[in-house]
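Colleague: Before we start, here is the structure in question, set down as structure tokens.
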Amino acid sequence: MKEHAAEIFRELGGEVLSGYPAIHSPVFRTASGTPYLRAPGVVMVAKPQTNLEGLAGFLEGFDAGLGFTQYVRDPIRLPDSSQLCKSAGQICYMSFGPRRTKNDNAAGYFERLVSSGHGSVLEHANFSFLLYGISRSTTHELVRHRAGVGFSQVSQRYVSGNVLRFVERPEYRQDDELHRLFEERIDRARREYEELAERLIGLQSEGDAALSADYRTDARKKVQQTARSLLPNETEAPMIFTGNVRALRHIIEMRADAHAESEIRALAVRLFLCLVISDPILFGDYEISELPDGSHTVSTPYRKA
Ligand SMILES: Cc1cc2nc3c(=O)[nH]c(=O)nc-3n(C[C@H](O)[C@H](O)[C@H](O)COP(=O)(O)OP(=O)(O)OC[C@H]3O[C@@H](n4cnc5c(N)ncnc54)[C@H](O)[C@@H]3O)c2cc1C
């Protein structure tokens, strides 16, 4: 399965730079220059770094006959995220002696945990991602997940029309007329946004050419918070997204499901691919498969650890 996931990762343009997987998404433009994207871009920007050696002093403090000191010398090196969660699980029963589960059996260790729903040790490992090429509709769905996650999303109140981009749904890409209408619509949205912002700026600054810097920021916010009202759901809404492994597993199970909405499914599949490349053990129970339309779905027998 892991080879299959790695193959799909590469097919989707995935690459690993300095140990961080990413699936980038190219930018397209309409004839009049409005930028848009056709797929989610997912870049892992942070992952756990585990100081296993740091346990040594603690373990040396116990009776030498318990053999705890060998724990930090396991010859098999795990991904830092797996090691962190495994050590967290093993401190519960002080399982540091020779009869502990060794690292070569880490996959079986986690399978026992997730199959019995003991997922709390997975909360120690957090991953952060830059997400882009995703529409406001998709981020509206993603931010409904509350437990174990963090979001920092573009503020349409703050940024100007210069960074406006849009996202084309898969259905529009497959039909010339729908694609033409999409391009026409986003050109119009960009034009109307600029016209409205200009009109509002004119109204704001009338009679007050020397605004203070503070006031100017405030005035710009007032302009943009009004102008954004006409932006469609297909406006891009990039964010930095962080989740712990327990939360990420739940989100992948809900959103990469065959019945999930297609855009958020494309996002969840890419999140899964970056995660399984980074830690094949914590996500080793997942199967990725192809649907009749060529898109992908991810499933596991051990839902909601
Ligand atoms: C296919 C699909 C269709 C959907 N349709 C709609 C819709 O029509 N309308 C709509 O409003 N939403 C809809 N949603 C969103 C859905 O209802 C959830 O809000 C969203 O999926 C977040 O998942 P979650 O509730 O598991 O929360 P998460 O924050 O991901 O939480 C994970 C788990 O933690 C526990 N948990 C979290 N917060 C609490 C809490 N406050 N109290 C107790 N336990 C908690 C729960 O067990 C929860 O499952 C849809 C979702 C999907 C996948």
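Colleague: What are the semi-axes of the equivalent ellipsoid for region 69-162, taken as the square roots of 5 times the Cα gyration tensor eigenvalues, largest first, in whole Å?
Modeller: Listed largest to smallest, the semi-axes of region 69-162 are 39, 14, 11 Å.
Colleague: By count of other Cβ within 10 Å, fewest leading, how are Leu37, Leu275 ordered?
Modeller: Leu37, Leu275
Colleague: Quick one: order His250, His179 by neighbouring beta-carbon count within 10 Å, fewest to most.
Modeller: His179, His250
Colleague: Right, another one. Relative contact order (percent) for the chain, with alpha-carbon contacts under 8 angstrom and 6 or more residues of separation?
Modeller: 27 percent
Colleague: In nm, what is the difference between 0.36 nm times the number of residues separating Ile76 and Glu111 and their Cα-Cα distance?
Modeller: Length gained between Ile76 and Glu111: 10.8 nm.
Colleague: Of the candidates Ser32, Ser115, Ser135, which one comes out as most mobile in a Gaussian network treatment of the chain with C-alpha springs shorter than 10 Å?
Modeller: Top of the fluctuation ranking is Ser32.
Colleague: Another question, then. Show which lysines lie in cross-link reach of Lys102 when reach means a straight Cα distance below 19 angstrom and same-chain residues fewer than eight apart are skipped.
Modeller: Here the lysines satisfying the reach criterion relative to Lys102 are Lys86.
Colleague: Among Ala237, Ala227, Ala256, whose mean-square fluctuation peaks in a Gaussian network model of the chain (Cα, cutoff 10 Å)?
Modeller: Of Ala237, Ala227, Ala256, the Gaussian network model singles out Ala227 as fluctuating most.
Colleague: How large is the dipole of the chain about the Cα centre if only Lys and Arg carry +1 and Asp and Glu carry -1, each at its Cβ, rounded to the nearest 20 debye?
Modeller: Using only the charged Cβ atoms, the result is roughly 680 debye.
Colleague: Tell me, what is the Rg over Rh of the chain, with Rh the Kirkwood radius over Cα pairs?
Modeller: 1.09
Colleague: Separate question: Looking at region 143-181, which trypsin sites (Lys or Arg not before Pro) are DSSP coil and have at most 13 other C-beta atoms within 10 Å of their C-beta?
Modeller: When the trypsin sites (Lys or Arg not before Pro) of region 143-181 are filtered for loop state and at most 13 Cβ neighbours within 10 Å, Arg144, Arg146 remain.
Colleague: For region 1-101, which trypsin sites (Lys or Arg not before Pro) are both in a DSSP coil and crowded by at most 10 other Cβ atoms within 10 Å?
Modeller: Arg77, Arg99
Colleague: Which FRET efficiency value, to the nearest 0.05, is calculated for Asp218 and Arg188 with the Förster distance at 30 angstrom and r the Cβ-Cβ distance?
Modeller: 0.55
Colleague: Once the Cα atoms of region 52-120 are picked out, what are the Rg and Dmax in Å?
Modeller: Expressed in Å, the Cα Rg and Dmax of region 52-120 come to 12.0, 34.
Colleague: Extending each Cα 7 Å along its Cβ direction at Thr101 and Glu177, get the distance between those two points in nm, one decimal.
Modeller: 5.7 nm
Colleague: In addition: Once every DSSP H run of n ≥ 4 in the chain is given -39500 (n - 2.57) and the sum is divided by its residues, what mean residue ellipticity at 222 nm do you get, rounded to the nearest 500 deg cm²/dmol?
Modeller: -12500 deg cm²/dmol
Colleague: Restrict the search to region 86-133; then list the chymotrypsin sites (Phe, Trp or Tyr not before Pro) that DSSP places in a loop and that have at most 14 other Cβ atoms within 10 Å of their Cβ.
Modeller: Here the sparse-neighbourhood loop sites are Tyr93.
Colleague: Ranked by Cβ crowding within 10 angstrom, fewest neighbours first, how are Tyr302, Tyr36 ordered?
Modeller: Tyr302, Tyr36
Where a number appears in this text, it was derived from the coordinates with a stated rule and is not lab data. Just so it is clear, the model here is predicted, and its values are computed rather than measured. Cβ coordinates were reconstructed from backbone atoms using ideal geometry, including for glycine residues, and neighbour counts include every protein chain displayed.
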